[in-house]
Amino acid sequence: MYFFQRSLAAIAFSAVLPMASAEGIQLKPAWTGIKVDRPITLLSPSDGTGRQFLVEQRGKVRLLPSDQAGKETKTFLDLSDRKMEENQFEEGLIGFAFHPKYKENGKFYVCYSQQEPKRSVISEFKVSAADPDKADPASERILLEVPQPFWNHNSGNMLFAPDGLLFIAFGDGGKRDDPFRFSQNRFVYNGKIIRIDVDTRTGSRPYGIPSDNPFLKQEAVLPEIYAYGLRNPWGLSIDKTTGLFWCADVGQDIWEEIDLIQKGGNYGWSWREGAQPFVIRQEPAPADAKFIDPIHQYDHSEGLSITGGFVYHGKALPDLAGKYLYGDFANGRIWALNYDHTAGKVVDNTQLFQAPLDAKGQATFKPTAFVEDAQGEPVMLDWNGSIQRLTSK
């Protein structure tokens, strides 16, 4: 995840990057009247209400005031009493998605961590029948539990595709160097993006396996797997115009990468980091291995921990239309990547913003998520405890 602990030398290097921003672009604080604690995503259900929900890693989901000057929030869901985290960085409530038919069925999905044994839990909940601003905690239906050997690289990002199927990302299991070689092992969920159908059942599973999942009929391969060879995906999105499936995958020693996810695709970790051989792996990759290159990568002179975003199609920033907005957690940079999907290549990658540094040399803005608000405009969540808007000056 974006929180992977880097070397002291790398952190020191990030502190001397120059402050810069694209002409006409700035960050503007939003919902300044409320206290924000470890935000991981902000999203709106497709129920026509325009309500916006802030998901916080310690376990709370809060309904934000419709007036951004407001000071009161409502607690929609509170899982903070579940002893979710051993380490504050990468455990807790780490994924959330509303069902596409939330207006009709009131269902939503979460990913959270549990201890003893350490694991990631994927669950379905329902909204309270008595109060549309409250979840019903007793409605929990556990869909899947994934063993986690370490506290880091849990990912947990989730989103529904336009066809109503649910994608869930899992990191490689943690520590560093992919010690258990999970990412290339297709009999574990770690290091994978899986795809399930929450509206059906397959055998004894509490969910369905889509009939066109790529490994459905292969032996010794989990049928839920959609793509593999990932280290710690942080930022999934599907472009509503092109249908391209974007994924930012956090690197380890040298490279941060952006991938376009293909059904059945192998993205190389830990044989590779980015498009390059992973230098720590001494044994060669299998001769028949087919790795998909990232469409963009940057080394650790540019940033240390990628936070993925989305392709912008709003109205307020026309110069950014059709560009992928993303950033780096470590140094607070924001970029707009212009990808020509017809030609299959990146046209340019423009830096929009560079966060100032505090007295300790740390970025004053550490993006944990780039999301669309209810109007399709860009919102950035800041680990330091704020909600920011990307606006024109």
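The values are calculated or read from the model by the stated rules, or taken from the named source; none is laboratory data. Fair warning: this is a prediction, and the values are worked out from it, not measured in the lab. Every residue, glycine as well, gets a Cβ built from its backbone with ideal geometry; the counts of neighbours run over all protein chains shown.
A few remarks follow.
- Of the residues making up the range 26-50, those that are touching a Phe, Trp or Tyr at 6+ places or on another chain (Cβ under 9 Å) and surrounded by fewer than 19 Cβ atoms within 10 Å (Cβ to Cβ) are Gln26, Ser46, Asp47.
- Cβ-Cβ distances below 9 Å connect the following pairs, each with a first residue in the range 198-221 that is on the phi > 0 side of the Ramachandran plot and without any contact (Cβ under 8 Å) to a residue 40 or more places away in the chain, a second residue that is surrounded by 12 or more Cβ atoms within 10 Å (Cβ to Cβ) and not hydroxyl-bearing (Ser, Thr, Tyr), and a separation of six or more residues or different chains: Gly203/Ile209; Ala220/Arg186.
- Of Ile168, Ile122, all but one fail to be touching a residue at least 60 places away in the same chain (Cβ under 8 Å) and either in a strand (DSSP E or B) or buried (at least 22 other Cβ atoms within 10 Å of the Cβ) (or both); the exception is Ile168.
- Long-range neighbours under 8 Å by Cβ, at least six apart or interchain, first residue among the β-branched types (Val, Ile, Thr) within the range 75-88, second in a strand (DSSP E or B) and surrounded by 13 or more Cβ atoms within 10 Å (Cβ to Cβ): Thr75/Lys60; Thr75/Val61; Thr75/Arg62; Thr75/Leu63
- Checking every residue in the range 63-81 against the condition of being within 17 Å of Val371 (Cα to Cα) and crowded, with 22+ Cβ neighbours inside 10 Å gives at least one match.
- Residues located in the range 82-115, provided they are of a type in the set (D, E, K, R), surrounded by fewer than 20 Cβ atoms within 10 Å (Cβ to Cβ) and closer than 23 Å to Phe329 by Cβ: Glu86
- Flag for Ala321 being touching a His at 6+ places or on another chain (Cβ under 8 Å), more than 23 Å from Ala227 (Cα to Cα) and among the small types (Gly, Ala, Ser): yes
- Complete set of residues in the range 146-158 that are part of a strand (DSSP E or B) and either closer than 18 Å to Asp199 by Cα or at pLDDT below 95 (or both): Met158
- Test for Asn266: is it touching a strand residue (DSSP E or B) at 6+ places or on another chain (Cβ under 7 Å), of a type outside the set (Lys, Arg) and under 27 Å from Arg195 (Cβ atoms): yes
- Entirely in the range 272-355, the strands (runs of 3 or more DSSP E) that have 1 or more residues that are among the charged types (D, E, K, R) and more than 26 Å from Asn152 (Cβ to Cβ): 333-340, 345-354
- Put simply, of Val146, Val110, Val127 the only residue that is among the β-branched types (Val, Ile, Thr) and farther than 25 Å from Val188 by Cα is Val127.
- Options Asp239, Asp249, Asp259; residue that is in contact with a strand residue (DSSP E or B) (Cβ under 6 Å, 6 or more places away or on another chain) and either among the hydrophobic types (A, V, I, L, M, F, W, C) or surrounded by fewer than 20 Cβ atoms within 10 Å (Cβ to Cβ) (or both): Asp239
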